[in-house]
1. Mind listing whichever residues of the stretch 168-199 are hydroxyl-bearing (Ser, Thr, Tyr) and either surrounded by fewer than 17 Cβ atoms within 10 Å (Cβ to Cβ) or within 18 Å of Gly291 (Cβ to Cβ) (or both)?
2. Within the stretch 95-113, restricting attention to residues that are of a type in the set (Val, Ile, Thr) and not in a loop (DSSP other than H, G, I, E, B), which residue is farthest from Val82 (Cα to Cα)?
3. Could you tell me whether the stretch 178-194 includes any residue that is in a loop (DSSP other than H, G, I, E, B) and either more than 25 Å from Asn271 (Cα to Cα) or touching a His at 6+ places or on another chain (Cβ under 7 Å) (or both)?
4. Evaluate the following for Thr77: is it among the polar types (S, T, N, Q), touching a Phe, Trp or Tyr at 6+ places or on another chain (Cβ under 9 Å), surrounded by 15 or more Cβ atoms within 10 Å (Cβ to Cβ) and over 27 Å from Gln319 (Cβ atoms)?
5. Hand me the list of strands (runs of 3 or more DSSP E) wholly inside the stretch 239-326 holding 3 or more residues that are over 13 Å from the mean Cα position of the chain (by Cα).
6. Pairs under 6 Å by beta carbon, first residue over 13 Å from Gln252 (Cβ atoms) and of a type outside the set (Phe, Trp, Tyr) in the stretch 1-20, partner assigned to a loop (DSSP other than H, G, I, E, B) and at pLDDT 70 or above, six or more apart or different chains?
Amino acid sequence: MVKDSKPRRGSMAYYPRARARSIVARVRRWPKVNEVKPLGFAGYKVGMLHVFIVEDNPNSPFYGREVFKPVTLLECTPLIIVGVRAYTKTPYGLKTLSEVWSKELPKYIDRVVPVPKNFRDVESFVKQVKDEATEIRLIACTQPWRTGIGKKKPEVFEVAIGGDPEKALEYSIERLGSELKVDEVFKEGEYVDVIAVTKGKGLQGVVKRFGVKILPRWHKHRKGYRKIGSIGPTKPAVMFTTPRAGQMGFHQRTEYNKRILKIGTDPSEVNPKGGFKHYGIIRNQYVMVEGSVPGAIKRLVKLRSPIRLNVSVTNLKPQITYISTS
């Protein structure tokens, strides 16, 4: 009889565990929101610290008391709305109708995408899509040159707009070429979904990748002890549930319902002496998210309006009593 046992640490819910296609995560789904507003934003991961807040959950045994919370900081430079793209719904999914780009583009946008000059007429774009468009999305561009991470090449991605398509089209045309700040999209106390690419750990064996138990080191295991005992039957095929060595990390992951504790405009409130390790100092607006966030430092993290939000959650502004900067 086996004296004790333990479950595997590696989940089978994410197969195949291949490397992500891009270091910038892709948002595959957007929630349905009646309000006309952008449904997402993005920021660069700075690091973690801890705060003390007054617990405002009535169901918590610590309600009304100060509690310790680990938080993650994201530096959120304003996004530049460089374009607008219209979609129509078909039996095969969304189909692009047309797009329009701003006449004034950032200096480094040509490093990412060559913008054709014939997509600059706003009036013809509106006439073409206003009757058939079912979804409007902004084409946003980050500004990494305003941070201290030493990067100039921006990330260009889409941000969906909630509400009626006609009103969303009007809103997007008004914001074309302007800057979008994070406090225009999210508020303190709201919940968001965090989407990012995790840290890459390269090729790993079954012990680290799946938590397989190390075999006793004696002569019967001369062929290896950091391995599985058997891969099982080979006909008709080896089961996909069999732990095997392979890629670990650098996978796109989504964490649901992370609370925004603070959206700050004064970086001196959180900057430690000498700056954050491996990042430096924050120079722009920042977002303080409760808990950990996937991804390495300096990696782009996307925030999305919650798609699985619990209806009993209240969006009260948190009362922060202490922020650690040591």
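The values are calculated or read from the model by the stated rules, or taken from the named source; none is laboratory data. Since the structure is predicted, the reported quantities are computational estimates derived from the model, not experimental observations. Glycine also receives a Cβ, built like all others from the backbone with ideal geometry; neighbour counts cover every protein chain displayed.
1. Scanning the stretch 168-199 gives Ser178, Tyr191, Thr198.
2. Only one residue fits best here, namely Thr96.
3. yes
4. yes
5. Those strands (runs of 3 or more DSSP E) span 246-249, 252-264, 286-290, 320-323.
6. If the second residue must be assigned to a loop (DSSP other than H, G, I, E, B) and at pLDDT 70 or above, the pairs left are Arg8/Gly211; Arg9/Gly211; Met12/Thr241.
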